[in-house]
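Chemist: Quick one: the structure is below, and I'll ask about it shortly.
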Amino acid sequence: MRRRVLGPLCSLPLLALAACGGERVAIPPDDATPEEVVRAYTDALAAQDCETAEEIASVMGDTWCGEVQVGAATVRPHVRGGGAGNPAQHYPEVVTVPVSIVVEGGDASLPAGETAWGYLLVRRSESDPWRVASEGVG
């Protein structure tokens, strides 16, 4: 379930910019690489730009935007596959993009500190944009 925590953030001047109507992170172009898509997604999470995060993760549905504050992210090269046994298995094009993220406000499922993480991206054809379908460890 998605929880919005934008109200309390709006009182914090630096965090409020993106969360309360400031500049948005740009949606990557349709021909963006999986790494560029994940970079835009993690940038949107860090900026609390939930509208952009939700667009990039439209296949996944709910995002953690607004629930956990994500800081720096190191995006690594993608690898093909990773869709068995999850919603991505129905897509012909599937890649996994590993990242290392710094979680600044964690919980039991995603503790604070540096964490190895990953995003599963899918698309129906080479002309479609990559979209985040799942996230987690492994």
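The values are calculated or read from the model by the stated rules, or taken from the named source; none is laboratory data. Just so we're clear, the structure is a prediction, and the values are computed from it rather than from any experiment. We place every Cβ from the backbone using ideal geometry, glycine too, and count neighbours over all the protein chains shown. Protein only, heavy atoms only, side chains kept; ligands, DNA and RNA dropped before computing areas. Shrake-Rupley method; radii C 1.70, N 1.55, O 1.52, S 1.80 Å.
Chemist: Quickly run through region 95-137 and pick out the residues that are within 15 Å of Val59 (Cβ to Cβ) and charged (D, E, K, R).
Modeler: Listed by number, the residues that qualify are Arg123, Arg124, Asp128, Arg131, Glu135.
Chemist: Just one of Val59, Val70 is surrounded by 13 or more Cβ atoms within 10 Å (Cβ to Cβ) and either assigned to a loop (DSSP other than H, G, I, E, B) or of a type in the set (Phe, Trp, Tyr) (or both); which is it?
Modeler: Val59
Chemist: Right, another one. Which condition number does Ala44 fail, the rest of (1) open to solvent by 10 Å² or more (accessible area, probe 1.4 Å); (2) part of a helix (DSSP H, G or I) being met?
Modeler: (1)
Chemist: So is Thr52 hydroxyl-bearing (Ser, Thr, Tyr), touching a Lys or Arg at 6+ places or on another chain (Cβ under 8 Å) and either assigned to a helix (DSSP H, G or I) or crowded, with 18+ Cβ neighbours inside 10 Å (or both) or not?
Modeler: Yes: the conditions hold for Thr52.
Chemist: Looking at region 73-93, which of the residues that are open to solvent by less than 70 Å² (accessible area, probe 1.4 Å) and within 16 Å of the chain's Cα centre (by Cα) is nearest to Cys50 (Cα to Cα)?
Modeler: Here the residue is Ala73.
Chemist: Could you please give the count of residues in region 107-118 that are free of Cβ contacts under 8 Å to residues at least 40 places away in the same chain and exposed (fewer than 15 other Cβ atoms within 10 Å of the Cβ)?
Modeler: Counting residues in region 107-118 that are free of Cβ contacts under 8 Å to residues at least 40 places away in the same chain and exposed (fewer than 15 other Cβ atoms within 10 Å of the Cβ) gives 7.
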